[in-house]
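Scroll down for the structure; my scribbles are underneath it.
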Amino acid sequence: MASKGKPSPRSAVSPLSDAQVAKLAKQHKLVDPMHDFPTGPGRKAKVEEINAQNPQATKRLLTGVDVVFNASCKTRAWGLEHVPEDGPFITAASHVTMFDVFVPMASLFHMGRRPRYMAKAEMAKWPLIGKWFQLVGMQPVQRHSGKAKQIEETSIDILTSGRPLTVWPEGTVTRDPKKWVMSIKEGVAYIALESSRRLGHQVPLYPAVTWGAASINHWWPWPRKNVVMCYDRQLDYADLLVDMDSWGEEPPAEAVNELMWRVLKRMNTVLAEIRGEQFPAEGYWDYRSMSRKPWPEVGGPFPAGKVE
């Protein structure tokens, strides 16, 4: 079954300007995430994690990604110091184009971590690069298969085994006409809450929002475009875990719903700062109805102001 609708064209949004990047650089320390340990010396790589995930294949893929990105765009990021050196964590990444999925993936690899990542099963069939995806930690997701619980259980098992996990909670490239983060799936919230319960503590959850790749012409990408990612601070949901010992078989629907909206609102707040634009006053883009809807009265305030 194909995804609904089609992503809006590159002409729907303006490229990320040099002036906006300069403004962000005054507020945050922007680094080049396409090389090892971009936040500086003193960080240790998770060696056993690297060795367990096809280190040679990962190195070749990472080298290829670095070459492509350095040739086609000027990539910058802030917040990568938030990436834990050890233990499980979840990265909830935006998905504006097929190109921008590589930014959080490569950044985490360069920070010395090797997350497993949930990606649509079709990617495994892509020529050449599909095999690499499988080698470096892709967990294929059969979309529209009716196996949501099985996918969630696999994700929870990854986290409870001590490994990090990256998800694209929208489930596909955004269909928002202006390429904001559209409605997300409940899975990321369920996985975070249930893995936290099983481990007995809050599993760190970080939004990772990338902007700029939407304007790249993949056939002729020059002149190079600006691409900026924020690896945001940890999203706190400790209040939703207070009664986790009394949940029963799974997290309550109210907690899952609340956390889902917190993630969506935070991702769009971060995206608004990167873009230097206001989020549409009419609300978020709903994938099910393919229309814009007002924010529900859950998930905390929006917008949240400057992103630290």
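Per residue, what accessible area does the chain have, given a 1.4 Å probe and all protein chains present, in Å²?
45
Can you compute the helix-only [θ] at 222 nm over the chain? Use -39500 (n - 2.57) per DSSP H run of at least 4 residues, normalise by all residues, nearest 500 deg cm²/dmol.
-10000 deg cm²/dmol
Carbon-plus-sulfur fraction of the accessible area of the chain, 1.4 Å probe, in percent?
55
Counting only DSSP beta bridges with both residues in the chain, what percent are antiparallel, rounded to the nearest 5?
30
Sorted from largest down, what three extents in whole angstroms do the Cα atoms of the chain have along their principal axes?
Largest to smallest, the principal-axis extents are 56, 48, 42 Å.
Residue by residue, what Karplus-based ³J(HN,Hα) values in Hz, rounded to whole numbers, does segment 42-54 have, using 6.51, -1.76 and 1.60 with θ = phi - 60° and x for Gly and Pro?
x, 8, 10, 6, 7, 4, 5, 5, 5, 5, 7, 10, 6
Using a/c under 1.5 as the rounded threshold, could you call segment 174-239 rounded, prolate or oblate? The axes a ≥ b ≥ c are square roots of the C-alpha gyration tensor eigenvalues, and prolate needs a/b larger than b/c, oblate otherwise.
prolate
Volume per residue, Å³, of the convex hull around the alpha-carbon atoms of segment 153-203?
75
Inverting the mean 1/r over all pairs of different Cα atoms, compute the Kirkwood radius of segment 1-109 and quote it in Å.
Its Kirkwood hydrodynamic radius stands at 16.3 Å.
Quick one: compute the contact order of the chain, relative version, from alpha carbon pairs under 8 angstrom and 6+ residues apart, as a percent.
24
Note the full-extension length gain between ARG233 and HIS35 as 0.36 nm times their separation in residues minus their Cα-Cα distance, in nm to one decimal.
69.1 nm
For segment 220-281, report the convex hull volume of the alpha-carbon atoms normalised per residue, in Å³, without decimals.
Enclosed volume per residue, from the Cα hull, is 150 Å³.
Beyond 21 Å between alpha-carbons counts as too far, so tell me which of LYS44/LYS225; LYS225/LYS293; LYS178/LYS225; LYS6/LYS179; LYS4/LYS178; LYS74/LYS185 fall in that bin.
LYS44/LYS225; LYS225/LYS293; LYS74/LYS185, as the Cα separations exceed 21 Å there.
Just grab the label-to-label distance for GLN150 and ALA253, each label 7 Å out from Cα along the Cβ direction, in nm (one decimal).
Computed distance between label sites GLN150 and ALA253 equals 2.4 nm.
Leaving ligands and nucleic acids out of the surface, order ASP239, ASP245, ASP176, ASP66 by accessible area at 1.4 Å, largest first.
Most to least solvent-accessible, the answer reads ASP245, ASP239, ASP66, ASP176.
So how exposed is ARG262, as accessible area in Å² (1.4 Å probe, rounded to 10)?
40
How large is the Kirkwood hydrodynamic radius of segment 201-308, counting all unique pairs of alpha carbons, in Å?
16.1
So how do 101-111, 222-232, 152-162, 4-14 stack up, highest first, on mean other-Cβ count within 10 Å?
101-111, 222-232, 152-162, 4-14
The values are calculated or read from the model by the stated rules, or taken from the named source; none is laboratory data. Owing to the predicted nature of the structure, the values given are computational and were not obtained by experimental measurement. When we count neighbours, we look across all protein chains shown, and the Cβ atoms used for this are built from the backbone with ideal geometry, even at glycine. The accessibility values were calculated without ligands, DNA or RNA, using every heavy atom of the protein model including side chains. Shrake-Rupley method; radii C 1.70, N 1.55, O 1.52, S 1.80 Å.
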